[in-house]
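*Asks:* My structure is below; once you've seen it, I'll send some questions.
Nothing in this text is a laboratory measurement; each read-out follows from the coordinates by a stated rule. This structure is a prediction, so every number in the text was calculated from the model and none was measured. Glycine gets a Cβ as well: all are built from the backbone with ideal geometry, and neighbour counts include every protein chain shown.
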Amino acid sequence: MECAVEDEGMHYEGNCIRPPSEAYSILLQVTVGCSHNKCTFCGTYTGKRFRIKDEKTILSDILFAAKYMKRQDRVFLMDGDALIIPQKRLMWVLDRIREHIPWVRRVGAYANAKSIRMKTLEELIELKQNGLRILYLGVETGDPNLLKEIHKGTSAENLVKMGRKVREAGIKLSVTVLLGIAGRERSLQHARATGELLSAMDPNYVGALTVMLIPGTPLHDDYTSGRFVLLDERELLQELREMIANTNLSRGLFFSNHASNYLPIKARLPKGKQDALDQIDAALRGEIGLRPEWMRAL
């Protein structure tokens with residue numbers, strides 16, 4: 001969504017990108033753009049050169065939120081990777097939130113494998129104690145070759161290690177995976193590998209999104225040239241089924257209720273795993289209606 005800028009309002013630059021679960025949070029833009037910004041499927045931060053916003057602007061936005069957002073008890077730090085902010089400065093941001101918006105119960109942010117690696121376990125624990133309670137990590141796939149092809153900038157093994165590090169610090173971990181990102185030929189291979197990665201990482205939440213082509217991205221170019229084939233509805237359901245079948249969490253929620261998906265699923269694993277598989281099977285038999293194309297969006 002596009003955020004309007006008021007004379008004395010929040011200082012937003014460009015689009016405000018946040019997870020669906022942060023829809024009612026105070027959106028505090030502490031960085032502009034994404035520190036990686038090389039993924040072939042992503043056009044979210046195109047044209048944005050990554051930088052950390054100055055403390056004066058951040059404090060101004062916190063004071064604005066303190067005055068006008070008294071009913072919101074969560075803060076989400078934008079843009080693409082707020083965890084990359086140096087520890088001392090990030091602690092300053094959390095301190096100012098605690099000082100001026102003391103009713104906030106939870107602060108969340110996007111992270112990537114690099115930014116998690118740059119924080120020691122002790123620093124992550126320090127952040128958690130100062131209010132950072134959840135991190136959102138884009139995994140996309142557990143297929144090692146596919147991670148390289150989409151320029152994710154990390155390996156499956158490193159993703160698992162970094163995810164476990166977040167959990168060890170006591171911070172909740174929500175990861176996203178991408179249905180359809182492998183194309184047709186390697187669809188089920190991608191699903192199995194991703195399920196295995198999720199099982200090894202054991203996050204609190206898993207959100208499955210369906211890849212949607214964005215003009216100007218390398219993936220869109222591959223599609224128009226015929227090098228990448230989009231999955232149809234049935235193939236995407238089969239991929240989702242294979243992924244859930246291969247995902248074993250000690251206790252976590254698996255969602256596919258994002259607007260990009262054809263079939264919304266909400267399953268608490270391991271207890272609700274079979275119910276989720278049965279629901280997908282019913283959809284494959286045509287017994288459950290799918291989200292119409294015009295209602296799908298990023």
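*Asks:* Taking the 0 to 90 degree range and rounding to the nearest ten, how far is the long axis of helix 233-245 tilted relative to the main principal axis of the chain, both from C-alpha atoms?
*Replies:* Once rounded, the angle reads 70 degrees.
*Asks:* Picking from ASN257, LEU240, VAL166, whose Cα lies most toward the positive end of the charge dipole for the chain (charges on Cβ: Lys, Arg +1; Asp, Glu -1)?
*Replies:* VAL166
*Asks:* Would you mind computing, in nm to one decimal, how far apart the modelled labels at THR46 and LEU188 are, each placed 7 Å from Cα along Cα→Cβ?
*Replies:* In this crude label model, THR46 to LEU188 measures out at 3.5 nm.
*Asks:* Which pairs break 21 Å Cα to Cα here: LYS119/LYS152; LYS114/LYS152; LYS128/LYS161; LYS38/LYS172? Please list the in-between numbers first.
*Replies:* Working: LYS119/LYS152 19 Å; LYS114/LYS152 11 Å; LYS128/LYS161 18 Å; LYS38/LYS172 26 Å.
With Cα atoms farther than 21 Å apart: LYS38/LYS172.
*Asks:* Compare the Cα positions of ASN130, THR40, LEU83 along the charge dipole of region 20-292 (+1 at Cβ of Lys, Arg; -1 at Cβ of Asp, Glu; about the Cα centre) and return the one farthest towards the positive end.
*Replies:* Most positive-ward Cα: ASN130.
*Asks:* Compute the length gained on full extension between ARG234 and ILE214: take 0.36 nm times their separation in residues and subtract their Cα-Cα distance, giving the result in nm to one decimal. Display every interim value, and only then the final one.
*Replies:* Values: separation 20, 0.36 × 20 = 7.20 nm, distance 2.20 nm.
Residue separation times 0.36 nm, minus the Cα-Cα distance, leaves 5.0 nm.
*Asks:* Choose one of LEU277, GLY216, HIS100: the residue whose Cα lies farthest towards the positive end of the charge dipole of the chain (beta-carbon charges +1 Lys, Arg; -1 Asp, Glu; about the Cα centre).
*Replies:* Comparing the listed Cα positions along the dipole, HIS100 ranks first.
*Asks:* Continuing with the same structure: For region 169-298, go through all pairs of different Cα atoms, get the mean of 1/r, take its inverse, and jot down that Kirkwood value in Å.
*Replies:* Values: mean 1/r = 0.0661 Å⁻¹.
Kirkwood radius, region 169-298: 15.1 Å.
*Asks:* Using a basic spin-label model with each label point 7 Å from the Cα along Cα→Cβ, how many nm lie between ARG268 and GLU8?
*Replies:* In this crude spin-label approximation the distance works out to 4.6 nm.
*Asks:* Extent of region 17-173 along each principal axis, from alpha carbon coordinates, in Å, largest to smallest?
*Replies:* Principal-axis extents of the Cα atoms in region 17-173, largest first: 49, 35, 26 Å.
*Asks:* Subtract the Cα-Cα distance of SER60 and TRP92 from 0.36 nm times their separation in residues, and report this length gain in nm to one decimal. Can you show the working numbers first?
*Replies:* Details: separation 32, 0.36 × 32 = 11.52 nm, distance 1.37 nm.
Length difference between fully extended and current span is 10.1 nm.
*Asks:* Compute, for the chain, the length of the dipole vector about the Cα centre, with Cβ point charges of +1 (Lys, Arg) and -1 (Asp, Glu) only. Units Debye, rounded to 20.
*Replies:* Details: 43 positive and 37 negative charges, 183 e Å.
With only Lys, Arg, Asp and Glu charged at Cβ, the dipole is about 880 debye.
*Asks:* What percent of all Cα-Cα pairs in region 20-292 falls into each 10 Å bin, going from 0 up to the bin containing the maximum distance?
*Replies:* 7, 29, 33, 22, 8, 1
*Asks:* Can you give the extra length, in nm with one decimal, that the chain gains between TRP294 and ARG251 once fully stretched, where that is 0.36 nm per residue apart less the Cα-Cα distance? The partial results should precede the final answer.
*Replies:* Details: separation 43, 0.36 × 43 = 15.48 nm, distance 3.42 nm.
Here the segment from TRP294 to ARG251 would lengthen by 12.1 nm.
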